[in-house]
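For reference, the structure is listed below as structure tokens.
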Amino acid sequence: EIAKSTNRVRVAHPTITGLQICYFDGVTAKDHPANLIGVKLEDSYDYFLQTRNRLPTSFVAAENTPEELSQIFKETMRKVAIEREERLHVMRQSWPCAPPTYDAQKPLRVFLAASRLTEVMQYASKNIGKAFELLGHEVAISVEDNDLESLHGTHHLKALHEFNPHIIFNINSHSMLNATVPDSVFNVNWWHDLMPDLEKGTQFEIRDRDYTYSALKQLDPFIERCGVRDIQRQGFCVDSTEFFEKSCSPREDRIVFAGSSYQGTLYDKSQNAASALLEIKEAFEAGVSLDENFLRPIAEKYKISYKYVFWDLLHFVVRDISVEWLCDASPLPVEIYGTGWQKNPKVQKFHKGYIAHGVDLASLYRTSKYALVTHPFEINSQRLAEVCASGCIPIVYDCTHSSYEPHWRDELTFYKTKAELIDCLEKQLGHPAPKIGEYFSYLNFANKIIARVRSHNKNLR
């Protein structure tokens, strides 16, 4: 009965959930729902050691069940956890097959690992994988197939070793689970965010065939602290097979924004943090350029970390206040999508709920005249690329004071104050910018990597 109710459960992510799994001591029947799984107690150790499904977290027994069964279950799960980690340690130390050979007449094999709990990175992995396939190469992506699964590192490494790739492609990681990689294999790292390894300054082992790309120049100093010297710029990309313009699609005269509120990231509740937030907000409302020269003295003045000021307060102000401006004064209908906005009384009535990245988001952009783009320090964001590729007109927060080029001055319409934002809509300024969408295609990035690999490897021409 519990399985049939298809309960959703929390799975270490604020918005993504999993289908509750009900395991029982027995054999699964054909008419059982997919989330009702029979595992005989005597087989449970082997099953849970190997399964891709999420492991059970509690033991529920009938009234007369002997207490020792509960203890057996707990001990079994403890042993499974230990054995998985021991196997992962062993698997990291070796590459159990002959390293791949290169043949100019054959496609390259590209491997990626992802998680369904990392929405943006998951789609980025799938999209760059799709681009490599369009170029004629073989691709394997190790990721959960459904909402019952939760892959362990051993699953990813098993898939990696079986595929024996020429190229390993990592997003927001220097290496896949710190695994040993043959010298002949290319290891591509594409940094999108300030991840824990970058924050801590973890020292990476740098190989001759490691290629490092950074989406944001603000990440470069952190990457350099980890020992990387050759950093190449690669901005966020757009999947042109999903985000594209349809001339036959009618566009509604509205402005949309798709993205979560940053209210939930403001974990510092001190008076100093509140004062810093107020000062940044007032400067933003006045159209001040919120660069490091402005922000670092605020961090020092209020004795809070510059990291918190830059990555949390700044992001909140630019995105959430811009959305509030829209909801307060836009002459056009406003639709806001994403999580967290239902808690903001200024935005609530414009909030349309969550929208999935991919087909649904592309359809929204294709049927809307305008979209708001609010990155606090980067013009060339993924949101901008997707909006432009879909033929929607972007209204963009002007952070050219901190963004790397191109700034697309001839293609984009910028705002820095509430008055400028509303003026753009009242005067119906701006025009579609498909050139930007084409510039940031995954296909271009994949081509760039293949060309670099072929140039590097003397056996390829």
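Residue count for the stretch 267-290 satisfying the condition of being exposed (fewer than 15 other Cβ atoms within 10 Å of the Cβ), touching a residue at least 12 places away in the same chain (Cβ under 8 Å) and closer than 17 Å to Phe377 by Cβ: 2. Return yes or no: is Ile355 surrounded by 19 or more Cβ atoms within 10 Å (Cβ to Cβ), more than 30 Å from Ile167 (Cα to Cα) and of a type in the set (Val, Ile, Thr)? Answer is no for this residue. Name every residue in the stretch 160-175 that is over 16 Å from the mean Cα position of the chain (by Cα) and surrounded by 15 or more Cβ atoms within 10 Å (Cβ to Cβ), in order of residue number. Once the filter is applied, which keeps residues that are over 16 Å from the mean Cα position of the chain (by Cα) and surrounded by 15 or more Cβ atoms within 10 Å (Cβ to Cβ), the stretch 160-175 yields Leu160, His161, Phe163, Asn164, Pro165, His166, Ile167, Ile168, Ser175. Does Leu148 fit the bill of being of a type outside the set (Phe, Trp, Tyr), crowded, with 22+ Cβ neighbours inside 10 Å and in contact with a strand residue (DSSP E or B) (Cβ under 6 Å, 6 or more places away or on another chain)? No, not satisfied. Might you let me know whether the stretch 415-429 holds any residue that is out of contact with any Pro (no Cβ under 9 Å at 6 or more places or on another chain) and within 19 Å of Phe243 (Cβ to Cβ)? No, because not a single residue in the stretch 415-429 is out of contact with any Pro (no Cβ under 9 Å at 6 or more places or on another chain) and within 19 Å of Phe243 (Cβ to Cβ).
Here is a yes/no grid of residues against (1) part of a helix (DSSP H, G or I); (2) touching a Leu at 6+ places or on another chain (Cβ under 8 Å):
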position	(1), (2)
Ser275	yes, no
Ile280	yes, yes
Lys303	no, no
Asp312	yes, yes
Glu324	yes, no
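Only one entry in Asp220, Asp193 is without any contact (Cβ under 8 Å) to a residue 12 or more places away in the chain and of a type in the set (D, E, K, R), namely Asp220.
Considering the stretch 218-253 alone, what residues qualify as being among the β-branched types (Val, Ile, Thr) and in a strand (DSSP E or B)? Hits for the stretch 218-253 are Ile231, Val238. The condition of being assigned to a loop (DSSP other than H, G, I, E, B) and either of a type outside the set (D, E, K, R) or surrounded by 19 or more Cβ atoms within 10 Å (Cβ to Cβ) (or both) holds for only one of Ser184, Ser125, that being Ser184. The single residue among Val120, Val80 that is of a type in the set (A, V, I, L, M), in the same structural domain as Val139 (by TED's automatic domain parsing) and either assigned to a helix (DSSP H, G or I) or touching a strand residue (DSSP E or B) at 6+ places or on another chain (Cβ under 8 Å) (or both) turns out to be Val120. Residue count for the stretch 215-247 satisfying the condition of being among the hydrophobic types (A, V, I, L, M, F, W, C), outside the structural domain of Asn172 (by TED's automatic domain parsing) and either modelled with pLDDT of 95 or more or exposed (fewer than 14 other Cβ atoms within 10 Å of the Cβ) (or both): 0.
Conditions (1) in the same structural domain as Glu411 (by TED's automatic domain parsing); (2) over 18 Å from Tyr415 (Cβ atoms); (3) among the hydrophobic types (A, V, I, L, M, F, W, C), marked per residue:
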| position | (1), (2), (3) |
| --- | --- |
| Ser305 | yes, yes, no |
| Trp311 | yes, yes, yes |
| Val318 | yes, no, yes |
| Cys327 | yes, no, yes |
| Thr339 | yes, yes, no |
| Lys352 | yes, yes, no |
| Ala371 | yes, no, yes |
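The single condition among (1) assigned to a helix (DSSP H, G or I); (2) surrounded by 13 or more Cβ atoms within 10 Å (Cβ to Cβ) that Trp95 does not meet is (1).
So, Glu386, is that one in contact with a strand residue (DSSP E or B) (Cβ under 6 Å, 6 or more places away or on another chain) and modelled with pLDDT under 95 or not? Here the answer is yes, as Glu386 does meet what is asked. Evaluate the following for Val256: is it outside the structural domain of His192 (by TED's automatic domain parsing) and in a strand (DSSP E or B)? Yes, satisfied.
Test Tyr337 against the stated conditions and say whether it is within 19 Å of the chain's Cα centre (by Cα), at pLDDT 95 or above and over 19 Å from Phe440 (Cα atoms). For Tyr337, the condition - within 19 Å of the chain's Cα centre (by Cα), at pLDDT 95 or above and over 19 Å from Phe440 (Cα atoms) - is met. Being surrounded by fewer than 16 Cβ atoms within 10 Å (Cβ to Cβ) and more than 27 Å from Arg116 (Cβ to Cβ): is that true of Lys343 here? In short, no. Per the conditions (1) exposed (fewer than 14 other Cβ atoms within 10 Å of the Cβ); (2) in a helix (DSSP H, G or I); (3) over 27 Å from the mean Cα position of the chain (by Cα), the sole criterion not satisfied by Gly264 is (3). Leu108 fulfils the conditions (1) farther than 30 Å from Arg8 by Cα; (2) free of Cβ contacts under 8 Å to residues at least 40 places away in the same chain; (3) touching an Asp or Glu at 6+ places or on another chain (Cβ under 9 Å) except for a single criterion, (2). Pairs linking a residue in the stretch 242-259 that is in contact (Cβ under 8 Å) with a residue 12 or more places away in the chain to a residue that is aromatic (Phe, Trp, Tyr) and in a strand (DSSP E or B), with Cβ atoms under 8 Å and 6 or more positions apart or on different chains, are Arg254/Tyr370; Ile255/Tyr370; Val256/Tyr337; Val256/Tyr370; Phe257/Tyr337; Ala258/Tyr337; Gly259/Tyr337. Do we have Leu372 as surrounded by 24 or more Cβ atoms within 10 Å (Cβ to Cβ) and under 17 Å from the mean Cα position of the chain (by Cα) here? Judged against the criteria, Leu372 is not a match.
Glu335 passes every criterion in (1) at positive phi; (2) assigned to a strand (DSSP E or B); (3) of a type outside the set (A, V, I, L, M) apart from (1).
The values are calculated or read from the model by the stated rules, or taken from the named source; none is laboratory data. Predicted model, so just to flag it, every value in this text is computed and none were measured. Cβ sites come from the backbone with ideal geometry, for glycine too, and all protein chains shown count toward neighbours.
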